[in-house]
Amino acid sequence: MTAEKLKKGILAVLKYFTLILGAFVSILPLVVCVITAFKSPEEYASTNVMTLPKSWTYVENFIQAWKQANMGVAFRNSFIILVFVLAGSILTGSMIAYVLSRFKFKGNGLIRSLFLFASLLPGIAMQVSVYQIMYTIGWINFLPGYIIMMCGTDIISIYIFIQFFENISTALDESAIMDGCTYFGVFFRILFPLLKPAIITVMILKGVGVYNEYYNANLYLQDKNHLVTVATSLFKFTGPLGNQYNYICAGVIITMLPALIVFILCQKHIYSGLTQGAVKG
């Protein structure tokens with residue numbers, strides 16, 4: 001009995017130690033970022049990263065980060081991209097999932113397998129051919145083209161919608177069709193409203209990825225004056241002579257605020273969407 005209690009005690013200590021260590025590793029970069037954001041360039045150069053700033057009211061870094069990084073334009077472009085990519089991904093993903101889950105036809109399994117195979121391919125390795133296509137059709141430095149490209153790289157949402165459709169009874173479809181409803185009517189008027197949890201899940205996963213996307217934005221939106229995004233705006237403070245981390249940290253905090261506000265206002269719906277949109281047995 002004593003050995004059993006000792007074993008449980010050791011496991012409990014390891015559990016809490018792991019949780020505390022994980023929290024520390026996750027929070028430490030954010031703490032350093034906040035401390036650095038309130039330091040003047042002279043103060044940053046003469047102190048270490050964990051030294052508290054002399055004044056927490058020093059906001060010049062935030063002003064310079066906003067102006068020099070052209071963050072007003074960056075937020076506008078990121079908002080446009082986010083809205084259209086989410087709308088396109090949700091609409092196309094849910095419609096493809098509807099066809100694959102509700103209609104049995106030759107090649108259904110093959111299409112699902114191809115989607116799965118495509119999701120396993122490394123995105124970086126595919127960029128050579130994707131870039132050639134984008135360059136050939138003139139979609140480099142073309143915001144609508146970038147939006148379409150981002151909509152076409154979302155396979156995970158299709159599987160999320162398929163999983164959710166498979167938990168909705170086909171009796172709803174059959175009853176609506178017997179009453180004279182078309183397949184489009186069944187989808188948009190009956191099934192699509194029931195996809196709210198799955199839609200929230202896709203919006204979170206896809207939205208975070210699009211908002212933080214740096215590689216594709218930097219590759220296809222090369223005009224950093226008019227087509228800058230939130231993820232690429234802070235690159236202005238890097239260079240061969242060194243990085244201006246006080247401005248970078250201030251910009252990071254600015255970019256975090258919209259996501260933080262959305263999370264605080266919508267956390268109830270976010271948690272509900274993640275749990276209800278999860279894979280069900």
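Derivation of every value follows stated rules applied to the coordinates shown; laboratory data play no part. The structure presented is a predicted model; accordingly, all values stated were derived computationally and were not measured. All Cβ positions, even for glycine, are placed from backbone atoms using ideal geometry, and neighbour counts span all protein chains on display.
What FRET efficiency comes out for GLN132 versus LEU265 if R0 is 45 angstrom and r is the Cβ-Cβ distance? Round to the nearest 0.05.
Calculated transfer efficiency: 0.60.
For MET95 and VAL208, what does the FRET efficiency come to when R0 = 25 Å and r is the distance between their Cβ atoms, rounded to the nearest 0.05?
0.60
Spin-label point model (7 Å from Cα, Cβ direction): what's the SER55 to VAL73 distance in nm?
Label-label distance for SER55 and VAL73, simple model: 3.1 nm.
Kindly put PHE192, PHE38 in sequence by how many other C-beta atoms sit within 10 Å of each C-beta, fewest to most.
Ranked by crowding around the Cβ, least crowded first: PHE192, PHE38.
Take each uninterrupted DSSP H stretch in the chain, measure its Cα extent along the helix axis, and return the ones at 24 Å or beyond whose mean Kyte-Doolittle hydropathy is at least -1.0.
Helices meeting the span and hydropathy rule in the chain are 2-37, 71-102, 245-276.
Give LYS39/LYS206; LYS54/LYS206; LYS206/LYS236; LYS67/LYS268; LYS54/LYS268 a once-over and call out the pairs whose C-alpha atoms are over 28 Å from each other.
Beyond 28 Å between Cα atoms: LYS39/LYS206; LYS54/LYS206; LYS67/LYS268; LYS54/LYS268.
Please give the FRET efficiency for THR18 paired with ILE177, using the beta carbon to beta carbon distance and R0 = 30 Å, rounded to the nearest 0.05.
Efficiency at R0 = 30 Å is approximately 0.05.
As an exercise, take the mean of 1/r over every pair of distinct alpha carbons in the chain, invert it, and state the Kirkwood radius in angstroms.
Across the chain, the inverse of the average 1/r is 22.5 Å.
Could you check the spin-label model distance between ASN141 and SER169? Points 7 Å from the Cα along Cα→Cβ, value in nm.
Computed distance between label sites ASN141 and SER169 equals 5.8 nm.
Show me the chymotrypsin sites (Phe, Trp or Tyr not before Pro) within the range 170-243 that DSSP assigns to loop and that have at most 14 other Cβ atoms within 10 Å of their Cβ.
TYR214
With a cut-off of at most 13 other beta carbons within 10 Å, and DSSP calling the residue loop, which chymotrypsin sites (Phe, Trp or Tyr not before Pro) in the range 71-153 qualify? Please list them.
Loop-located and lightly packed - PHE103, PHE105.
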